[in-house]
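Step one of this worksheet: look at the structure below.
The values are calculated or read from the model by the stated rules, or taken from the named source; none is laboratory data. A quick note: this is a predicted structure, and the numbers were derived from the prediction, not measured. When we count neighbours, we look across all protein chains shown, and the Cβ atoms used for this are built from the backbone with ideal geometry, even at glycine.
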Amino acid sequence: TAAVKDATKLTFATWTADGGVLSVDKGLVAKWIAPSGTTAQAYTLKVTAQQTGGLTETAPVRILVDPTASSQSGARITSITSSAPQISAGGVITATATVADVTTTVLSQWTADIGSLISDRGLSVQWRAPATVTSDTIATLTLSTRGADGGSYSAQLKILVTLNGTSSHLISAVDVSPAVVTSGGISKLTVTPVTGVSIASIQWSAPDGTLSSLEGLSVQWVSPTVTQSATYNINVTVKDTNGGVEAQTLHVVVQPKPAA
């Protein structure tokens, strides 16, 4: 199940999965049938949602499929968490996992696809992000466990490494009201930054028509005169005080005025 800030503005939501079968793949509630198998494996489901105005966002969810989940194997991983969901380049986070029974878990070993593990054994370890990244990067930490009964399990943890402490995710939502106007009509364009972000500037641009201002959280756009229906793209660019930048495009449909 997915949740959005304002469901009344949702135009579509679709789901994908890297395994198993989605019996329902449209809407905020999906139904997923896990694949069969003999070993524990994590799968990623992604939901992509678009709201009125054209803002589109994709969010993943990880599901661990454990064919022996009903067993009492102590090495079965029951949770895996991070001390922070994102970190700047060169930073350090603590990854922590829990298992069904720590007393019968004989091995807990971590690996990382980038960066370095300060320690790689145990249910709680520290991981250092790469010293530099060229763009926002997802790091994957993998925990493998083995129980005294021979059962083996694995689970993954995703960490966002941001460029020089900056993030490209600065815009929470955009809005166009109304999204359809006639020649010379006015649309109000609004951008909502992510909560907690220190904004340095918000700039608007349009290839045609007239903007009431080139800066600010909300502006008005006066549409040009058209003889046939056309869609215009208005761009907004948000920058924060750490150098992060995100841009979004809003869409307004302009229709000709009815004949007198």
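Results, tabulated for the structure shown:
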{"item": "Matching entry among Ser119, Ser152, Ser177 (being within 30 Å of Thr190 (Cα to Cα) and surrounded by fewer than 17 Cβ atoms within 10 Å (Cβ to Cβ))", "result": "Ser177"}
{"item": "Neighbours by Cβ (under 8 Å, 6+ apart or cross-chain): first from segment 7-29, in contact (Cβ under 8 Å) with a residue 24 or more places away in the chain; second aromatic (Phe, Trp, Tyr)", "result": "Trp15/Trp32; Ala17/Trp32; Ala17/Tyr43; Asp18/Tyr43; Gly19/Tyr43; Gly20/Trp32; Gly20/Tyr43"}
{"item": "Residues (outside any strand (DSSP E or B) and under 15 Å from Gly151 (Cβ atoms)) located in segment 88-111", "result": "Ala100, Asp101, Val102, Thr103, Thr104"}
{"item": "Filter pass, Val194 being surrounded by 14 or more Cβ atoms within 10 Å (Cβ to Cβ), hydrophobic (A, V, I, L, M, F, W, C) and modelled with pLDDT of 80 or more", "result": "no"}
{"item": "Complete set of residues in segment 8-26 that are within 17 Å of the chain's Cα centre (by Cα) and loosely packed, with under 15 Cβ neighbours inside 10 Å", "result": "Phe12, Thr16, Asp18"}
{"item": "Some residue of segment 234-247 being farther than 29 Å from Thr134 by Cβ, in contact (Cβ under 8 Å) with a residue 12 or more places away in the chain and not hydrophobic (A, V, I, L, M, F, W, C)", "result": "no"}
{"item": "Gly53 vs. criteria in contact with a helix residue (DSSP H, G or I) (Cβ under 9 Å, 6 or more places away or on another chain), at pLDDT below 85 and either under 30 Å from Thr249 (Cβ atoms) or surrounded by fewer than 16 Cβ atoms within 10 Å (Cβ to Cβ) (or both)", "result": "yes"}
{"item": "Candidate set from segment 131-143 (those that are buried (at least 16 other Cβ atoms within 10 Å of the Cβ) and either farther than 20 Å from Val61 by Cβ or among the hydroxyl-bearing types (Ser, Thr, Tyr) (or both)); member that is modelled with the lowest pLDDT", "result": "Val133"}
{"item": "Sole exception among (1) within 30 Å of Leu217 (Cβ to Cβ); (2) out of contact with any Leu (no Cβ under 7 Å at 6 or more places or on another chain) for Leu107, by number", "result": "(1)"}
{"item": "Spans of strands (runs of 3 or more DSSP E) in segment 1-46 with at least 3 residues among the β-branched types (Val, Ile, Thr) and modelled with pLDDT of 75 or more", "result": "10-17"}
{"item": "Qualifying positions in segment 102-121 - at pLDDT below 90 and of a type in the set (Gly, Ala, Ser)", "result": "Ser119"}
{"item": "Residue that is modelled with the lowest pLDDT [pool: residues in segment 213-260 that are outside any strand (DSSP E or B) and hydroxyl-bearing (Ser, Thr, Tyr)]", "result": "Thr241"}
{"item": "Boolean, Ile159 is over 23 Å from Tyr43 (Cα atoms) and touching a residue at least 60 places away in the same chain (Cβ under 8 Å)", "result": "no"}
